[in-house]
Amino acid sequence: MLQLQQLEVSYEESIVIRDVSLQVKKGDVVCLMGRNGVGKTTIIKAIMGILQNVKGQIIYQGEEITNKPANYRARKGFGFVPQGRDIFPQLTVYENIILGMEASKNKKQSIDEEIYQYFPVLKEMKDRRGGDLSGGQQQQLAIARALVSKPSLLLLDEPTEGIQPNIVEDIQHVIKEIKQKQSETSILLVEQSFDFAKSVADYFYIVDKGRVVYEGSELIEEQVGQLLSV
Amino acid sequence: MEAILIQAFNGLSLGSILLLIALGLAITFGLMKVINMAHGELIMIGAYTTYVMQTIFTQYMPAGLFDLYFILAIPCAFIVAALVGMLLEYTVIRHLYGRPLDSLLATFGVGLILQQTARSIFGAPNVGIVSPSFLEGGMNVFGMTVPVTRIFIIGLVVVCLLILAFYLYKTNSGRRTRAVMQNREMASCVGISTRRVDITTFAIGAGIAGVAGAILTLIGPIGPAIGTYYIVDAFMVVVVGGVGMLVGTVVSAFGVGVMNTLFEYWTDASMGKVLIFVLIVLFLQWRPSGLFSLRTRSLD
C-alpha cells in the first residue's frame with residue numbers, strides 16, 4: 001500500500017537517508033527500529049511530506065505522492081503522531097481533536113465516541129488548553145487527533161518516549177486494538193522497546209546510518225542486538 | 001478633573017483607532033511572521049474608497065440618500081482593501097515567507113508604489129469628506145460633551161473586534177487559522193491547506209486596515225500618506241501587546257492611546273511622543289515578549 005523506493009533525503013548539503021526502500025502492506029503493523037540519530041524520524045517526516053529535498057519515489061495506493069504537500073497526504077488518509085507530540089498548545093483539547101477531522105472526507109464536525117473510549121481522560125479535559133496537559137496526556141491527545149479521521153495509514157514516531165509506564169501501557173494497548181479491530185489501517189511505528197515491537201509488529205526494518213540494514217518478519221535478538229544496542 | 005476625563009476619553013478614541021490598525025498587523029505578523037510595511041497604504045486605500053463612495057453618491061444619487069454613503073463605505077473599504085491585500089500576498093509576500101528582512105523591504109516598496117498611485121489618481125493635495133448628518137454634533141456622556149463621531153468610532157471598533165473574535169474563536173476557519181499560527185507544520189499534517197489560510201488571513205488583516213482608513217476620514221483629511229502617520233504607533237501596539245495575542249493587542253492599544261493623549265496634555269505634542277517611546281523601551285526591557293505571550297509546556 002505504501003512503498004518507498006530509493007528514498008534519499010538531505011538536510012541542506014548533507015545526505016542523511018540513502019537508498020531506503022520499504023513497504024507497508026494493508027493492515028500491517030511495520031516497525032522501524034534503530035539507535036538514536038540514524039534517521040528514523042527523517043524517514044517518517046519524508047513520508048508525511050514535511051521535508052524538502054526528498055528524492056526517490058513515495059507511492060501510496062498506486063499513486064506517486066513524492067512531491068505532494070503534507071495536507072494532500074493527510075486527506076489521502078495519513079495520520080501523523082510526531083515525536084514531541086506537536087499538539088496545538090493554545091487550543092482546547094476538543095479543538096485539537098476536531099482539527100484531526102480536517103483530513104476526513106465527511107464534513108460532519110463531531111467526534112467519534114470511540115476516541116474517548118480509547119482515552120477517557122481526554123473527555124474529562126476537553127475544555128482545557130492542550131498546552132496545559134501533562135506530557136503523557138499530550139501524547140494521548142496527539143494519537144487521538146490522528147485517529148479521529150480514521151486514517152488508512154498511521155505514522156507513529158516513538159509514541160511511548162518519555163512517558164510514565166501506565167500510560168505507555170494504555171498506548172500500547174490502543175495500538176494493539178487498532179491492529180485487531182481496524183483491519184484496513186496500516187501502521188508504521190518507530191519504537192525503541194524491543195518487547196513491545198515484537199509483540200505488535202508484523203514486519204521489521206532496522207535503520208543504521210541512513211540505510212536499512214535489516215528487514216524481516218522476525219526479530220531475532222542475537223542477530224539484531226548489536227544493531228540496536230548502544 | 002473634567003479636563004483629564006476629556007483627555008482620557010480622547011485617549012480611548014485614539015486607542016480604538018490604533019487598535020483597529022494594529023489588529024490587522026497583529027494577525028498577519030502573528031500568522032506569517034511577515035512585517036507588512038504596506039499596511040499603512042491599505043489604510044489609505046480604505047480612506048480613498050470612502051472618498052470615492054462620497055463622490056459617487058453626490059453625483060449619481062438623490063441628495064436624500066447622501067448619509068447612506070458612509071454606511072456603505074465601511075464594507076466597501078473592507079472589500080477593496082482585502083482584495084488589494086490578497087493581490088499583494090499572492091504576488092509578493094508568498095514568495096518571501098521565512099525571509100523577514102526581504103519581505104519588510106518588498107512591502108515597503110509596494111507601499112511607496114501604492115502611495116504614488118494614489119497621488120497620480122487623486123492628486124497630491126489632501127481631500128476631505130463631509131461627515132454624514134447623523135454623526136454631527138455632540139453628546140452628553142457623564143456630564144461631558146463629546147463629539148458623536150468619537151462615540152461612533154469606538155462603537156465601530158468594538159463591533160469589528162467582536163466580529164474578529166467570533167471568527168477566530170468560534171468558526172471552523174478561525175480554528176484553522178489559530179492552528180496554523182501555533183504550529184504551521186503540524187497544521188498541514190492534519191490536512192489544513194496552509195496556503196488558503198495564509199491568503200484568507202492576510203485578506204482579513206488588510207480589510208480591517210481598510211475599515212480603519214474609512215474611520216480616519218471622519219477625523220482628518222485624506223492624503224496619500226495618511227497611513228504612515230499611524231503605522232509606527234500601530235507597530236508599537238503590536239510589540240507591546242505580544243505577538244499573536246488578540247487580548248494583548250487590545251490592552252496595549254488602549255494603554256498606548258490613553259497614555260499618549262495624557263502625556264501630550266501634560267507636556268506638548270513632541271514631548272508626549274518622546275515620553276511614550278521611553279516608556280515602551282523601558283517596558284520591553286522588562287518584558288521583551290510583550291504583555292501577553294504564548295507559553296506552554298510542549299516538548300522542545
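The values are calculated or read from the model by the stated rules, or taken from the named source; none is laboratory data. These figures come from a predicted structure and were not determined experimentally. Heads up, the Cβs are rebuilt from the backbone with ideal geometry, glycines too, and the neighbour counts pull from every protein chain shown. The area values use the complete protein model at the heavy-atom level, side chains included, leaving out ligands, DNA and RNA. Shrake-Rupley method; radii C 1.70, N 1.55, O 1.52, S 1.80 Å.
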Would you list the helices (runs of 4 or more DSSP H) that sit entirely within region A:80-190 and hold 3 or more residues that are buried (at least 24 other Cβ atoms within 10 Å of the Cβ) and within 10 Å of chain B (Cβ to nearest Cβ)?
A:93-100, A:135-147
Within region B:181-202, work out how many residues are open to solvent by less than 60 Å² (accessible area, probe 1.4 Å), under 17 Å from A:M48 (Cα atoms) and either part of a helix (DSSP H, G or I) or touching a residue at least 24 places away in the same chain (Cβ under 8 Å) (or both).
5
Just wondering, is there one or more residues in region B:206-216 that are touching a residue at least 60 places away in the same chain (Cβ under 8 Å), farther than 17 Å from B:G85 by Cβ and touching a helix residue (DSSP H, G or I) at 6+ places or on another chain (Cβ under 8 Å)?
yes
For residues that are surrounded by fewer than 19 Cβ atoms within 10 Å (Cβ to Cβ) and charged (D, E, K, R), tally how many sit in region B:106-162.
2
For B:E264, the lone unmet condition from (1) under 22 Å from B:P147 (Cβ atoms); (2) open to solvent by less than 60 Å² (accessible area, probe 1.4 Å); (3) not aromatic (F, W, Y) is (2)
Taking region A:55-79 and the residues there that are open to solvent by 10 Å² or more (accessible area, probe 1.4 Å) and part of a strand (DSSP E or B), the one that is nearest to the other protein chains (Cβ to nearest Cβ) would be A:E63
Please verify whether A:G210 is open to solvent by 10 Å² or more (accessible area, probe 1.4 Å), over 27 Å from A:G77 (Cβ atoms) and either small (G, A, S) or in contact (Cβ under 8 Å) with a residue 60 or more places away in the chain (or both), treating the condition exactly as stated.
no
Which of the residues belonging to region B:54-101 are in contact (Cβ under 8 Å) with a residue 12 or more places away in the chain, within 23 Å of B:I222 (Cα to Cα) and part of a loop (DSSP other than H, G, I, E, B)?
B:F66, B:D67
